[in-house]
Amino acid sequence: MPTPSAQVLSSVVVVGAGLAGAQTAAALRKHGFEGRVTVLGAEGLPPYDRPPLSKELLKRTEPVWLSDDLGVDLPALVDDLRLADPAVRLEVDRERVVVRTASGDDVVADAVVLASGSEPVRPAGWDSAVTLHTAADAERLRAALVPGMRLVVVGAGWIGAEVAGVAAGAGARVTVVEAGPVPLERQLGRRVGSLLAPWYDAAGVTLVTDVAVDQVLPGSHEGSPDGARVTLADGRVLEADLVLAAVGARPASGWLAGSLPREANGGLRVNRAGRFMGVRHPTDPAGRLHLDALRRVWVVGDLATREHPVFGAVPGGHWSAALHDPDVTVRALLGLDERAAEPEHVRARLGLAPIPAHAPYVFSQQLAHDLALFGVPSPFDEVVLRGDPAASGGWAALYLENALDRHPRRTPDGHRVVTVRAALLVDSPREVGQVRKLMNRDEPLRLDLTRSLDPTIKLKDAVV
Ligand SMILES: Cc1cc2nc3c(=O)[nH]c(=O)nc-3n(C[C@H](O)[C@H](O)[C@H](O)COP(=O)(O)OP(=O)(O)OC[C@H]3O[C@@H](n4cnc5c(N)ncnc54)[C@H](O)[C@@H]3O)c2cc1C
């Protein structure tokens, strides 16, 4: 029986008008889909780019529209564009999908592409804190950042560090409170995080680590609408004019509760093609969906936990995935490449062109430094440094798998052969293109360790 993807589709509804949703609509038209396309958004704005919201908070006072940046002009691409009518419920059966919108409409289509992205985490009771995820959030934050104001940022993650640097540069008095022992510990591990800690002081930001925030309360002046008080677990109290909660993001999938089985983090598990796989909890009513129904559901961008040939199941949160993956997904959805989820060796045997394997990629400009991270570091990796973080100029951290392998492979020179799970480049713009190429493959990167640690040797010349 042909899958819905192979049948002729006459309508697709895309939920989410961010980067992944816009790229999906563009790919549908690029690949010749002439049927009806509906796009539902929640912000009332055309698609724009999020990374500049923190990195260029003060430099760019207008959103970076994707129509200018990528040439994706949604109104010209889609039949029905509703930028302020979010989806509130999804029903899928063997024949169709129905998306109920906030205004009470039912959008009926042959397939749905879910691209509702992520949302910032705001711990319960932190009503006095702001978050940074949307253009509206950025506008509010920008307006508050005047010289001398006191900003407390909770969380020394990617966004916390970026905003702290920008705010301090604008003359704000910035304190960052981090529950872990070092910045970005969860993302980069303790050793590398400790190398980033001095950047805060150098940028004029006070970094407080190893203490959790207990409460964020309204300001001390009764009746004052402004200001907040941050109480720490060790009893300290920080007075602030503004508190930014930068404690992470999670998939914006609450509206799918009861419709589809979700991962513990709220993400939706998809195969390499972006087709929904979530049949893992048969006890959940949503987990009992018929296979033909599930085949009508595709997921892209931050909402997806997507299978990668090297890194396994990769949760969303990567701009580059939202940019690139919709094309593969749309080709599979339209039946142009029905074997998109097959491993490359199977595809090669079938005479199919390889699918580009983009390594998870995060870039960051924080506290006067540039970071590029390719791959997925794990706390179990061995970390080695290429170059000297204390010297001026760039350096890199390589995260090596199989650190416990007692009998590592050796090169003919007797050098240890290592498998790289992730590479962090710091202030090394010239290495970014090269490392991207090395990491964007469908097999793990193996290096001669001795050569890879010598910054005078190009990393590509250390490949085994
Ligand atoms: C401040 C900031 C800085 C960032 N910097 C970087 C960076 O440097 N590098 C990097 O790799 N990534 C970065 N990211 C993450 C990156 O922006 C995301 O990975 C990317 O935007 C994901 O695109 P998306 O389309 O999946 O989701 P989103 O961009 O979140 O878009 C989803 C859209 O769907 C809408 N929506 C939600 N629910 C519904 C619903 N029920 N119905 C209809 N619409 C809905 C949302 O309002 C949103 O407009 C940053 C994110 C932020 C917030």
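Against the list (1) out of contact with any Lys or Arg (no Cβ under 8 Å at 6 or more places or on another chain); (2) of a type in the set (Ser, Thr, Tyr); (3) surrounded by fewer than 22 Cβ atoms within 10 Å (Cβ to Cβ), the condition THR24 fails is (3). Against the conditions (1) more than 16 Å from the ligand (Cβ to nearest atom); (2) out of contact with any Phe, Trp or Tyr (no Cβ under 8 Å at 6 or more places or on another chain), SER378 satisfies every one except (2). Scanning the stretch 170-203 for residues that are crowded, with 16+ Cβ neighbours inside 10 Å and under 22 Å from GLY394 (Cα atoms) yields a count of 16.
The residues of the stretch 115-141 that are more than 13 Å from the ligand (Cβ to nearest atom) and in a strand (DSSP E or B) amount to a single one, ALA129. Mind checking which residues of the stretch 103-126 are without any contact (Cβ under 8 Å) to a residue 40 or more places away in the chain and either assigned by TED's automatic domain parsing to the domain that holds SER320 or among the acidic types (Asp, Glu) (or both)? Within the stretch 103-126, SER103, GLY104, ASP105, ASP106 qualify. Confirm whether LEU352 is assigned to a strand (DSSP E or B), surrounded by 14 or more Cβ atoms within 10 Å (Cβ to Cβ) and not basic (Lys, Arg). When the stated conditions are applied, LEU352 does not pass them. Note on the stretch 174-214: residues that are over 19 Å from ILE159 (Cβ atoms) and basic (Lys, Arg) amount to 2. For the stretch 147-182, taking the residues that are within 13 Å of the ligand (Cβ to nearest atom) and in a loop (DSSP other than H, G, I, E, B), the one that is nearest to GLY317 (Cα to Cα) is identified as GLY157.
Of the residues making up the stretch 6-60, those that are of a type in the set (S, T, N, Q) and away from the ligand (no atom under 15 Å from the Cβ) number 3.
Of the listed requirements (1) crowded, with 20+ Cβ neighbours inside 10 Å; (2) at positive phi, LEU373 misses just one: (2). Contact map, the stretch 224-243: residues that are surrounded by 12 or more Cβ atoms within 10 Å (Cβ to Cβ) paired with residues that are of a type in the set (Ser, Thr, Tyr) and at pLDDT 95 or above, Cβ distance under 7 Å, separation 6+ or inter-chain. Pairs shown: VAL237/THR231; LEU238/THR175.
Within the stretch 350-367, the set of residues being away from the ligand (no atom under 16 Å from the Cβ) and either at pLDDT 95 or above or under 17 Å from ALA321 (Cβ atoms) (or both) comprises ILE355, PRO356, ALA357.
Condition test on ALA144, is it buried (at least 24 other Cβ atoms within 10 Å of the Cβ), on the phi < 0 side of the Ramachandran plot and either more than 15 Å from the ligand (Cβ to nearest atom) or not acidic (Asp, Glu) (or both)? Against the criterion (buried (at least 24 other Cβ atoms within 10 Å of the Cβ), on the phi < 0 side of the Ramachandran plot and either more than 15 Å from the ligand (Cβ to nearest atom) or not acidic (Asp, Glu) (or both)), ALA144 does not qualify. If you go through the stretch 70-104 and keep only what is within 12 Å of the ligand (Cβ to nearest atom), of a type outside the set (A, V, I, L, M) and either under 23 Å from ALA135 (Cβ atoms) or out of contact with any strand residue (DSSP E or B) (no Cβ under 8 Å at 6 or more places or on another chain) (or both), you end up with ARG82, ASP85, PRO86, THR101, SER103. Within this structure, VAL112 passes the test of being under 23 Å from SER259 (Cβ atoms), touching a strand residue (DSSP E or B) at 6+ places or on another chain (Cβ under 9 Å) and in a strand (DSSP E or B). Of the strands (runs of 3 or more DSSP E) contained entirely in the stretch 248-347, those carrying at least 2 residues that are within 14 Å of the ligand (Cβ to nearest atom) fall at 249-251, 268-270, 297-299, 304-308. Where residues in the stretch 275-310 are loosely packed, with under 15 Cβ neighbours inside 10 Å and of a type in the set (Lys, Arg), which of them is modelled with the lowest pLDDT? The extreme case among them is ARG280.
Please determine, by comparing only the residues of the stretch 76-102 that are touching a residue at least 12 places away in the same chain (Cβ under 8 Å) and within 14 Å of ALA25 (Cα to Cα), which one is surrounded by the fewest Cβ atoms within 10 Å (Cβ to Cβ). Among those residues, the one meeting the criterion is ASP79.
The values are calculated or read from the model by the stated rules, or taken from the named source; none is laboratory data. All figures in this text were calculated on a predicted structure; none of them were measured in a lab. As a convention, Cβ positions derive from the backbone with ideal geometry for all residues, glycine included, and neighbour counts pool all protein chains shown.
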